[in-house]
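Notes for the one structure printed next.
The values are calculated or read from the model by the stated rules, or taken from the named source; none is laboratory data. Since we're looking at a predicted model, the values are computed, not measured. FYI the Cβ positions are ideal-geometry reconstructions off the backbone, even for glycines, and counts take in every protein chain you see.
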Ligand SMILES: [Mg+2]
């Protein structure tokens, strides 16, 4: 019987002897000898189901109130509306989004998303079957490195058109809904902690929200900690059931975080999000081991590969799965599966999507069994107007998952024309 060392050695020898590694893949070899190009891969669909064109349009929608956090402030939200047309005339709807539509959060903006799709992603996908999803993702990777937000916008449109062609809700692709609604958090991000307390008490007394995310880190750390601790205690004094998480958006260094996070835990914070810069995964792991409450990565954890790395390092206790940041629904699902394997619970994240992007995210979040930290999908409540004919609905602390077909949202063409950038 072979032991594991022998298996490894014999496997290594096999790889060294494999000549095709030096001369291209087996498929390339076969094509070379056959002397013909491969037939178009329709992936089980018909010639009608190939991509004819992808159109992108930037829209600018006002917010109900200015949104503050330590790395940026914005009073409107911009989107890239993506419309993917097949040769047969089917249309898939997608949405490109970053916080504020600007580049401060992750390096992409609505302008760069539109340019990446128009110049690189759309030409790469033209003529390919919408049913060849994995192949299309690879083609997008070859056309543009990183660019997760741009790829996500196209990925949503692909999911939408395929699920419409099959006349099914998108959630069915990922096992179907395991819930009809998800607890949804309200961001306490007025830029003033006293106003945040009033906002939270209003949300609690009207039974709209009891799960909150407070943005912290813009000011002096000691003053911030005192003010935020006071705010948490003031909310808990009236509503002990309130769950208050704190998002630092990378504002502190590790020493500052190690000095002050225990005080915030003591004050009743439920979770600490991205206290240190995105690059400091080791620091996240050290902070997570010092605290009893969970520490959650955001800016430092983008896709399924980061997820695997963070989980094995112990650098995040909760995984905030985000469709836009994660490069689309399919890759967000894969990252969520990595989290499930690691026993890491999920939170359904957002990038201030309209009802179009929110519907797409909710189709996925509704199908994830380990989504026990609720959802942040509050974009439709923060924008002053919406792009969908039927905006996402909310009901007593929760957001309702729309039915299909597709992502479960339709573009309101009047609003689209009104808000499109000239
Ligand atoms: Mg965050």
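Structural remarks
- Once the range 387-422 is narrowed to residues that are in a strand (DSSP E or B) and more than 15 Å from residue 377 (Cβ to Cβ), the residue that is nearest to the chain's Cα centre (by Cα) is 406.
- Scan of the range 309-322 for residues that are away from the ligand (no atom under 14 Å from the Cβ) and in contact with a strand residue (DSSP E or B) (Cβ under 9 Å, 6 or more places away or on another chain), ordered by number: 310, 311, 315, 317
- Residue 287 within 16 Å of the ligand (Cβ to nearest atom), buried (at least 16 other Cβ atoms within 10 Å of the Cβ), in contact (Cβ under 8 Å) with a residue 60 or more places away in the chain and under 30 Å from residue 323 (Cα atoms): no
- Failed item, numbered, when residue 330 is tested on (1) crowded, with 17+ Cβ neighbours inside 10 Å; (2) more than 22 Å from residue 168 (Cα to Cα); (3) under 18 Å from the mean Cα position of the chain (by Cα): (2)
- Hey, residue 397 outside the structural domain of residue 244 (by TED's automatic domain parsing) and at pLDDT 95 or above or not: no
- Test: residue in the range 183-205 that is out of contact with any helix residue (DSSP H, G or I) (no Cβ under 8 Å at 6 or more places or on another chain), within 16 Å of the ligand (Cβ to nearest atom) and at pLDDT 95 or above: yes
- The requirement of being in contact (Cβ under 8 Å) with a residue 12 or more places away in the chain, closer than 21 Å to residue 220 by Cα, within 13 Å of the ligand (Cβ to nearest atom) and touching a helix residue (DSSP H, G or I) at 6+ places or on another chain (Cβ under 7 Å) is fulfilled nowhere in the range 256-264; no residue meets it.
- Just one of (1) touching a strand residue (DSSP E or B) at 6+ places or on another chain (Cβ under 6 Å); (2) surrounded by 15 or more Cβ atoms within 10 Å (Cβ to Cβ); (3) modelled with pLDDT of 95 or more fails for residue 127. It is (2).
- The number of residues in the range 167-199 being surrounded by fewer than 21 Cβ atoms within 10 Å (Cβ to Cβ), free of Cβ contacts under 8 Å to residues at least 60 places away in the same chain and not in a helix (DSSP H, G or I) comes to 1.
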